[in-house]
Amino acid sequence: MKDYIRSVFDVVSESPFVPLEAHARKGVLAVEKLTEAMEAYCTGNQALLEERTEEIDILEHDADKIKQKIRASIPSSVRLPVNKKDLLSFLKQQDSIADFAQASAYWMTLRPSKGLPDEIKEGFLELMATSLKTARTYEQLVGELYKLLATSFSKEEIKKTLQIVPEVEKLEHDVDVLETALLKKIFEHESDIGGAGVCHLMGLVERVGGIADKSASAADRLRSMILRR
Amino acid sequence: MDLIVIALILAGLYMAWNIGANDLANAMGTSVGTGALSLKQVIIIAALFEFLGAVFFGGRVTSTIAKGIVPIDKIGSVHPDIVAFGMLAAILAAGFWVTLATFYNLPVSTSHSIVGSVLGFGLIAAYNGTISYSDVHWGELTKIIASWFISPALGAVVAYITFSIIRNLFLRRASNLPSVEKKFISLQLITACYMAFAHGSNDVANAVGPIAAALNIMGAMGSEISVWVLVMGGLGMVIGMATWGYKVVETIGSKITELTPTRGFSAEFATASVVLLHSYSSLPISTTHTLVGSVIGVGLAGGIAAVDLGVIWRIISSWIATVPIAALTSAIIFVGLEVIFL
């Protein structure tokens, strides 16, 4: 008797925007863990680095699962108030945030920071902090989505939300500047670090910087999604 | 003679129970889903206004089911028992199909089932030579079937417009969005009453239309629908709501929490208006299908995060299946009853 129910409310399907926010949270959490991993790397605490790397790995995996769930929740029969392709392309960029955090953490475990000049360690910590700030600002942007939906995209809410996008872009630019400066310093010390060391550090710069790049391009696509509705 | 009246009443009550347990529950689900009303409030409102709608505005559609599709006067002039058994067959066939559909969660409409099964009786009467095929009110039937397409579409249009107005006047200008939604909670109290009233006025016919036809032909009731028949249908639906419908409302309410009061209000207002309009026009339509149309209308106006249009195909296939299945079942039951009793 339990299933003696005839309902037509499958017409209202689960909102993909709720898990979208959860997905962004996982990515930013991974970047937060990466910041701790970076500190562990610079202080040579290999055990803590390994531990954080594992945690980041789990977060990245969780984010992947949410991503799959979102993709599965929008078959062709489902209509959203935004373009589905735009939503998926922005989700893909957002997903890369956790991917880059994971790649950075793995990269750090490959080679210890022993013998690195303090100047370079500081450069990495600063780069990391700015990348984290970019990701956090991006998360703030995603957090505004529910207000847009609740007001059914009021002009005022759109304006307020889109004001955050240039902030993310500005931070991403700051990261670019820091990357260049850091690379320059790395090459200045190339004789102390050695060829393999330089190669390793370049890869790390690229990966940590990638977090900000992906945050900015996700923000950019989020903007397109809102405007092209 | 008396036994068949009792059988008709019991079958009618079973049908009414089903309508109360599932259709009324669907109609009221949005009020609970948006958090506007508690389960207890919904049941009280549903019971009261469903009953009022059935008793005070249910006569027109009941007349359509009773004599709008099949010329019962003509069949009754051959022998009144044919009408009585035919209507019993119709109500049993519709009840059977609705029960089956409910177990398999198919979006079948009780209105469509009863129209199909009454038609099935008419066709078998024509096959038997009691009436000719052209005696079936095909024009009226065409109007009824057209209204099944028009009502959900109209629900969508009215809901789209209603929500667009609310969006432009309130949501997009709101400095304090939660307070706007809060105001619509009290408005939803009104639309919930409106919805139950509209539902009662249209769907009571599915349970008591055939009873009215039989009583009329047997001389137990004039051509005007007696109030006690409508009261009985209303009571049956209220009992369905109270004994089973509350569970359905609860299940639905927990599933559609994404509807906010402004959205729920729009969908309910549109559905109730369209259904009441059809009750006034004496057309038996599906409240739940109209509600689906209205929810889609709100969704297309940008009110709902995700709307699954897949349900449209499920509804259309249920339409295509319901009329022939109900008609055939009704014809078979009638032949059975005919062999045994006539």
Filter result for A:Ser15 (outside any helix (DSSP H, G or I) and within 29 Å of A:Leu148 (Cα to Cα))
yes
Do we find that A:Tyr106 is farther than 30 Å from A:Arg223 by Cβ and in a helix (DSSP H, G or I) in this structure?
yes
Need the failing condition index for B:Gly219 against (1) farther than 30 Å from B:Phe170 by Cα; (2) outside any loop (DSSP other than H, G, I, E, B); (3) touching a residue at least 24 places away in the same chain (Cβ under 8 Å), just the number.
(2)
Go through the residues of segment A:111-120 one by one and say whether even a single one is touching a helix residue (DSSP H, G or I) at 6+ places or on another chain (Cβ under 9 Å), within 14 Å of chain B (Cβ to nearest Cβ) and farther than 16 Å from A:Asp213 by Cβ.
no
May I ask you to list pairs of residues, at least six apart or on different chains, whose Cβ atoms are under 8 Å apart, with the first in segment A:63-90 being more than 13 Å from chain B (Cβ to nearest Cβ) and the second being among the small types (Gly, Ala, Ser)?
A:Ala63/A:Gly27; A:Ala63/A:Ala30; A:Ala63/A:Ala98; A:Asp64/A:Ala98; A:Ile66/A:Ala22; A:Asp86/A:Ser224; A:Phe90/A:Ala218; A:Phe90/A:Ser224
Single match in B:Gly299, B:Gly293 (criterion: buried (at least 24 other Cβ atoms within 10 Å of the Cβ), without any contact (Cβ under 8 Å) to a residue 24 or more places away in the chain and assigned to a helix (DSSP H, G or I))
B:Gly299
Which of the following residues is assigned to a helix (DSSP H, G or I) and buried (at least 17 other Cβ atoms within 10 Å of the Cβ): B:Val323, B:Val339, B:Val335?
B:Val323
In segment A:131-159, the residues that are part of a helix (DSSP H, G or I) and within 12 Å of chain B (Cβ to nearest Cβ):
A:Leu145, A:Tyr146, A:Lys147, A:Leu148, A:Leu149, A:Ala150, A:Lys155, A:Glu156, A:Glu157, A:Ile158, A:Lys159
Reported set for segment B:101-124 where residues are farther than 17 Å from B:Ala16 by Cβ and either at pLDDT below 95 or not in a helix (DSSP H, G or I) (or both) is B:Phe103, B:Tyr104, B:Asn105, B:Leu106, B:Pro107
Just a yes or no: is a residue in segment B:194-210 out of contact with any Ser or Thr (no Cβ under 9 Å at 6 or more places or on another chain), assigned to a helix (DSSP H, G or I), of a type in the set (A, V, I, L, M) and within 14 Å of chain A (Cβ to nearest Cβ)?
no
Options B:Ala36, B:Ala84; residue that is assigned to a loop (DSSP other than H, G, I, E, B), buried (at least 24 other Cβ atoms within 10 Å of the Cβ) and over 21 Å from the mean Cα position of the chain (by Cα)
B:Ala36
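Results for (1) crowded, with 21+ Cβ neighbours inside 10 Å; (2) closer than 30 Å to B:Trp313 by Cα; (3) under 12 Å from the mean Cα position of the chain (by Cα), shown as yes or no for each residue.
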{"position": "A:Leu80", "(1), (2), (3)": "yes, yes, no"}
{"position": "A:Leu91", "(1), (2), (3)": "yes, yes, yes"}
{"position": "A:Thr109", "(1), (2), (3)": "no, no, no"}
{"position": "A:Lys114", "(1), (2), (3)": "no, no, no"}
{"position": "A:Ala129", "(1), (2), (3)": "no, no, no"}
{"position": "A:Lys155", "(1), (2), (3)": "no, no, no"}
{"position": "A:Leu171", "(1), (2), (3)": "yes, no, no"}
Find all pairs meeting these conditions: Cβ atoms under 8 angstrom apart; at least six residues apart or on different chains; first residue within segment B:46-73 and within 16 Å of B:Ile19 (Cα to Cα) and touching a residue at least 24 places away in the same chain (Cβ under 8 Å); second residue surrounded by fewer than 24 Cβ atoms within 10 Å (Cβ to Cβ) and among the small types (Gly, Ala, Ser).
B:Ala47/B:Ala242; B:Val61/B:Ser282
Where residues in segment A:10-42 are of a type in the set (Asp, Glu) and free of Cβ contacts under 8 Å to residues at least 24 places away in the same chain, which of them is farthest from the other protein chains (Cβ to nearest Cβ)?
A:Glu36
Considering only residues that are in contact (Cβ under 8 Å) with a residue 24 or more places away in the chain, at the interface with chain A (Cβ under 10 Å from one of its Cβ atoms) and either out of contact with any Leu (no Cβ under 8 Å at 6 or more places or on another chain) or not β-branched (Val, Ile, Thr) (or both), which ones fall in segment B:251-286?
B:Ile252, B:Gly253, B:Lys255, B:Ile256, B:Thr257, B:Glu258, B:Leu259, B:Thr260, B:Arg263, B:Ala267, B:Ser286
Does A:Asp95 fit the bill of being surrounded by 20 or more Cβ atoms within 10 Å (Cβ to Cβ) and of a type in the set (Asp, Glu)?
yes
What's the number of the only condition in (1) more than 16 Å from B:Ile150 (Cα to Cα); (2) crowded, with 23+ Cβ neighbours inside 10 Å that B:Leu309 fails to meet?
(2)
Members of segment B:97-118 found to be in contact with a Ser or Thr (Cβ under 8 Å, 6 or more places away or on another chain) and more than 14 Å from chain A (Cβ to nearest Cβ), listed by number:
B:Gly116, B:Ser117, B:Val118
Do you know which residues across segment B:245-286 are assigned to a helix (DSSP H, G or I), polar (S, T, N, Q) and under 26 Å from B:Lys183 (Cβ atoms)?
B:Ser254, B:Thr262, B:Ser266, B:Thr271, B:Ser273
Of all residues in segment B:297-317, which are at the interface with another protein chain (Cβ under 7 Å from one of its Cβ atoms) and either modelled with pLDDT under 90 or within 12 Å of B:Gly264 (Cα to Cα) (or both)?
B:Gly299, B:Gly303, B:Ile304
Tell me, which residue of segment B:130-177 that is away from every other protein chain (no Cβ under 12 Å) and not in a helix (DSSP H, G or I) is nearest to the chain's Cα centre (by Cα)?
B:His137
Test for B:Val180: is it touching a residue at least 24 places away in the same chain (Cβ under 8 Å), buried (at least 24 other Cβ atoms within 10 Å of the Cβ), out of contact with any His (no Cβ under 9 Å at 6 or more places or on another chain) and in a helix (DSSP H, G or I)
no
Which numbered condition B:Leu230 fails, given (1) hydrophobic (A, V, I, L, M, F, W, C); (2) outside any helix (DSSP H, G or I); (3) more than 10 Å from every other protein chain (Cβ to nearest Cβ):
(2)
Within segment A:176-199, count every residue that is part of a helix (DSSP H, G or I) and either small (Gly, Ala, Ser) or surrounded by 19 or more Cβ atoms within 10 Å (Cβ to Cβ) (or both).
10
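The values are calculated or read from the model by the stated rules, or taken from the named source; none is laboratory data. Please read these numbers as outputs of a predicted model, since none were measured by experiment. No Cβ is skipped: glycine too gets one built from the backbone with ideal geometry, and neighbour counts run over all protein chains shown.
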